[in-house]
Amino acid sequence: MSNFKVGIIGAGPSGLAMLRAFESEQKKGNPVPEVKCYEKQDNWGGMWNYTWRTGVGKYGEPIHGSMYKYLWSNGPKECLEFADYTFMDHFKQPISSYPPREVLFDYIQGRIKQSNARDYIKFSTVARWVDYLEDKKQFRVIFDDLVKNETFEEYFDYLVVGTGHFSTPNMPYFKGIDKFPNTLMHAHDFRGADQFIDKDILLIGSSYSAEDIGVQCFKHGSKSVTISYRSNPIGVKWPKGIEEKPLVTHFEGNVAHFKDGSTKAFDAVILCTGYQHKFPFLPDNLRLKTKNNLYPENLYKGVVFNNNERLIFLGMQDQYYTFNMFDTQAWFARDYMLGRISYPAKEQRDADIKKWVDYERSTVTGPEHVDFQTDYIKELISLTDYPNFDLDKVADMFKSWLQDKENNILNYRDQVYTSVMTGVTAEEHHTPWMSELNDSLERYLDEVEADEAELSK
Ligand code: FAD
Ligand code: NA7
């Protein structure tokens with residue numbers, strides 16, 4: 001065992017990727033540090049570990065989960081596939097390109113269950129506060145064991161923060177919203193379309209959450225869906241029943257007024273206005289301060305904190321790539337901690353960060369953003385032994401996905417893609433996405449009929 005200790009905060013896909021990276025090193029017979037992971041929920045999977053709860057959990061902690069019932073992958077699974085554990089490895093049969101949440105959760109767990117990772121994770125344990133002890137070059141982390149209601153502290157030579165950044169809502173104020181008399185929530189608290197059937201709903205924001213919640217509510221029977229944008233509309237061809245409007249200027253009772261002078265009454269408002277990067281356990285000098293962008297400033301190679309070489313952040317970028325990007329970051333972080341990758345002088349780090357930040361600023365369109373993140377991952381892969389895969393082909397799939405959504409936002413999930421890892425082409429799902437109201441794993445794998453699955457819910 002290498003003679004140092006690593007603490008990981010969060011056992012979502014990023015934290016699990018970190019555990020997996022060390023495991024793969026251990027399997028090669030190489031020394032690894034002592035690793036411990038702390039997760040505030042009682043299971044792993046992060047966002048993919050669905051919770052019906054909103055507000056606070058059973059121990060009074062803010063609820064992490066923002067995922068909802070009937071959530072299906074919003075990009076082709078072929079773009080997020082692990083290079084060292086494919087969908088074929090897991091399901092042993094081709095499945096469709098856009099599985100529902102439970103299926104992806106099953107896949108994430110499949111890889112990690114092959115290891116003894118659970119032994120390294122302390123669940124129901126929340127990181128409360130971190131100090132960096134300059135003299136010892138160690139982090140002192142204060143945790144609460146939520147079950148025992150006990151506080152304890154641990155010391156680490158490296159700290160890996162994998163706490164996600166789609167959990168703390170950004171809640172802007174609109175004049176008169178405080179008097180809106182009907183349902184009002186942020187996307188973080190949306191748990192499914194059921195309560196919005198036959199309702200006129202307003203979604204503020206024009207990114208993934210607005211698009212997906214809007215389409216889901218339309219699919220499940222909302223009377224009308226209005227999406228209000230600040231900068232740019234989503235701009236796809238919407239079916240009758242979904243429309244886009246410029247930003248809300250104010251509310252009068254249940255009536256929203258829009259910038260173009262139009263008005264409409266609503267039964268519900270869902271703020272799809274994004275999330276804050278929030279690290280309540282980190283002091284100011286260790287805190288990553290960034291918006292949701294593709295290259296957060298102050299992270300060398302998008303991973304190592306520029307103000308403290310022993311602090312690592314995973315998954316802090318806006319995400320086209322997800323699981324396989326977290327892997328490439330974790331492999332990089334592992335080799336960095338093992339001393340195989342250097343931490344250059346500040347000037348060089350700043351120059352490297354600037355290069356990426358300037359590159360991101362030069363991108364405008366969706367395909368350009370895809371190319372950016374593809375180049376970022378290519379660079380990380382070139383620095384470690386994470387299995388290489390055809391990233392140009394994955395980038396092409398992302399671009400087709402963007403086009404599919406423009407062509408038909410209601411059936412893009414019926415398209416199929418081919419894995420660059422296995423060459424296997426996905427199967428069409430047995431039921432067109434718009435008609436499939438059941439998102440359970442059993443129903444997806446065609447083990448039960450639709451009605452039966454509905455009854456067993
Ligand atoms: P998370 O999954 O957020 O996990 C972070 C973990 O850290 C959580 O388990 C949390 O409990 C824990 N934690 C937080 N604070 C503390 C603390 N103080 N102490 C201890 N533990 C803590 N990605 C896709 O690829 N496809 C999709 O279709 C998709 N849909 C999405 C839909 C929604 C609504 C959202 C919000 C995200 C979606 N994503 C999707 C992106 C998703 O965020 C990533 O797939 C992935 O979950 C990010 O992994 P992570 O580990 O970085 O963060
Ligand atoms: P995003 O992708 O960060 O988008 C946030 C959206 O909210 C974006 O359209 C913003 O508009 C809009 N926004 C932010 N502040 C305001 C205010 N004050 N007024 C109006 N509109 C505002 O978050 P999402 O929740 O959509 O997606 C996050 C993840 O969840 C994603 O990875 C998915 O997989 C699921 P802007 O364009 O900046 O003007």
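The values are calculated or read from the model by the stated rules, or taken from the named source; none is laboratory data. Note that the structure is a prediction, hence the values are computed from the model and not measured. Here Cβ is always computed from backbone atoms with ideal geometry, including for glycine, and neighbour counts include all displayed protein chains.
Counting only residues that are surrounded by fewer than 24 Cβ atoms within 10 Å (Cβ to Cβ) and at positive phi, which one in segment 15-49 is farthest from ligand 2 (Cβ to nearest atom)?
Per the stated criteria, the residue is GLY29.
Against the conditions (1) touching a helix residue (DSSP H, G or I) at 6+ places or on another chain (Cβ under 8 Å); (2) part of a loop (DSSP other than H, G, I, E, B); (3) under 30 Å from VAL126 (Cα atoms), where does ARG191 fall short? Just the number, please.
It is condition (1) that ARG191 fails.
Between GLY57, GLY45, which is free of Cβ contacts under 8 Å to residues at least 24 places away in the same chain, more than 6 Å from ligand 1 (Cβ to nearest atom), more than 21 Å from THR384 (Cα to Cα) and of a type outside the set (Val, Ile, Thr)?
From the options GLY57, GLY45, the qualifying one is GLY57.
How many residues are away from ligand 2 (no atom under 16 Å from the Cβ) and not hydrophobic (A, V, I, L, M, F, W, C) when one looks only at segment 204-242?
Residues in segment 204-242 being away from ligand 2 (no atom under 16 Å from the Cβ) and not hydrophobic (A, V, I, L, M, F, W, C): 10 in total.
Out of LYS137, LYS148, LYS179, I need the residue that is basic (Lys, Arg) and outside the structural domain of ASP392 (by the TED database). Which one?
On inspection, the qualifying residue turns out to be LYS179.
The rows are residues; the columns are (1) over 27 Å from GLY235 (Cα atoms); (2) surrounded by fewer than 18 Cβ atoms within 10 Å (Cβ to Cβ); (3) touching a helix residue (DSSP H, G or I) at 6+ places or on another chain (Cβ under 7 Å).
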site	(1), (2), (3)
ASP375	no, yes, no
LYS378	yes, yes, yes
ILE381	yes, no, yes
PRO387	yes, yes, no
VAL394	no, no, yes
LYS399	no, yes, yes
ILE409	no, no, yes
TYR412	no, no, yes
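Quick grid of which residues meet (1) modelled with pLDDT under 95; (2) within 16 Å of ligand 2 (Cβ to nearest atom); (3) over 19 Å from LYS278 (Cα atoms); (4) out of contact with any helix residue (DSSP H, G or I) (no Cβ under 8 Å at 6 or more places or on another chain):
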position	(1), (2), (3), (4)
ASP106	no, no, yes, no
GLN109	no, no, yes, yes
LYS137	no, no, yes, yes
ASP157	no, no, yes, yes
PRO169	no, yes, no, no
PRO181	no, no, yes, yes
